[in-house]
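The values are calculated or read from the model by the stated rules, or taken from the named source; none is laboratory data. Remember, it's a predicted structure, so these values are computed and weren't measured experimentally. For neighbour counting, all protein chains shown are included, and Cβ atoms are generated from backbone atoms with ideal geometry for every residue, glycine included. Just so you know, the surface numbers come from the protein's heavy atoms only, side chains and all, with ligands and any DNA or RNA stripped out. Shrake-Rupley method; radii C 1.70, N 1.55, O 1.52, S 1.80 Å.
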Amino acid sequence: MYSSSGSGKWGRVAAESARLGRCEPSEGVAAVSGLLNRGLQAPKKDSRPDPARRRSTPILLRASLLDFGNEFRHTDVVKTVGLRKNDERSGRKTGAAPSAAIATVGAEGHHTRAAIVQLLLEEGPITATAIGNKLGLAPAGVRRHLDALIDSGQARASRSAPWQQKGRGRPAKQYQLTAAGRGKLGHAYDDLAGAAIRQLGEIGGDQAITEFARKRARTIVAGIEPVAEHTTETTEAKAEEIAEAFNDAGFAASTRKVGAGVQICQHHCPVAHVAEEFPQLCEAELEAFRDLLGTHVQRLATIANGDCACTTHVPLLVLPITNSKAAQPAAAQPATVRTNDSGRSAE
């Protein structure tokens, strides 16, 4: 390819190749590589007379990009593997409190969801893009809050009508609150009920309020017949039936046996705020208990007075049928004592 008479670096390479023509091919390649690595300098005169000795002597070569120790240098990457989090060399700050950051993110998410609920209330049905534009949020973040509201039953999604569609493509989803979502918002039902009862009292007096409360109590226990025979089993079963009726009306009522009696416990009162002003509501409930149980009952606690539950004690003691009038007070006395003991247990 190149003649030995050529000039320059390729002439020297050709001369070296011609000189090593009698060597093995691998030795010739090694010699040429060595010449290139030495800066393409002219080869020195070989003082060894025996070509066989030349072939047996190993030639040390240095190929470019194969000497990793010299070619690769420091890349300025510092590894902290195996260091503790509180080690200064790891670059992490000690004493950090991630809980504060988590609390901040949680508070921001709560405010964002409240703002989305407010927009659904005021402008729904509305698309996620419109919500994001009004609140300055990304549509993906808005959809994440909307999906959570849908999963909890507070919102629902529906497709836009054809006349509401802008541009081509599939109609966008529009979101709005459900009845459950509206129920979690603030209401003034207590104020409305209180105003109505006050107006009723101005028109018909206290008797009108009392009659209204009695009718309401009778409506709750409608369909329950009075106890036919006063025994421990029938009285307890009737108390359980009354508790079930009040539980269906939202009073979270239940019964429990205490001593010689049974207690009807109402753990919630939907009209507690109104009953604070109008105690006729509580008195009408107690009167309904007496009419159905056919025995004396005693109210031990009420939510309207600040207690944790409305508790009514129903005695299960069966009075014997005798003609002796002196025996009646003796039989009624234990019932009174047990009633007081039940009151303390209820508190």
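Numbers below:
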quantity: Any hit, the stretch 240-256, residues being surrounded by 15 or more Cβ atoms within 10 Å (Cβ to Cβ) and touching a Gly at 6+ places or on another chain (Cβ under 9 Å); calculated: yes
quantity: Subset of the stretch 303-313 [open to solvent by less than 30 Å² (accessible area, probe 1.4 Å) and assigned to a helix (DSSP H, G or I)]; calculated: Ala304
quantity: Selection from the stretch 249-263 of residues that are among the aliphatic types (A, V, I, L, M) and more than 35 Å from the chain's Cα centre (by Cα); calculated: Val258, Ala260, Val262
quantity: Tally of residues being surrounded by fewer than 17 Cβ atoms within 10 Å (Cβ to Cβ), among the small types (Gly, Ala, Ser) and assigned to a helix (DSSP H, G or I) across the stretch 131-159; calculated: 3
quantity: Any helices (runs of 4 or more DSSP H) falling wholly within the stretch 219-302 and containing at least 3 residues that are assigned by the TED database to the domain that holds Asp206 and closer than 24 Å to Tyr189 by Cα; calculated: 272-277, 280-293
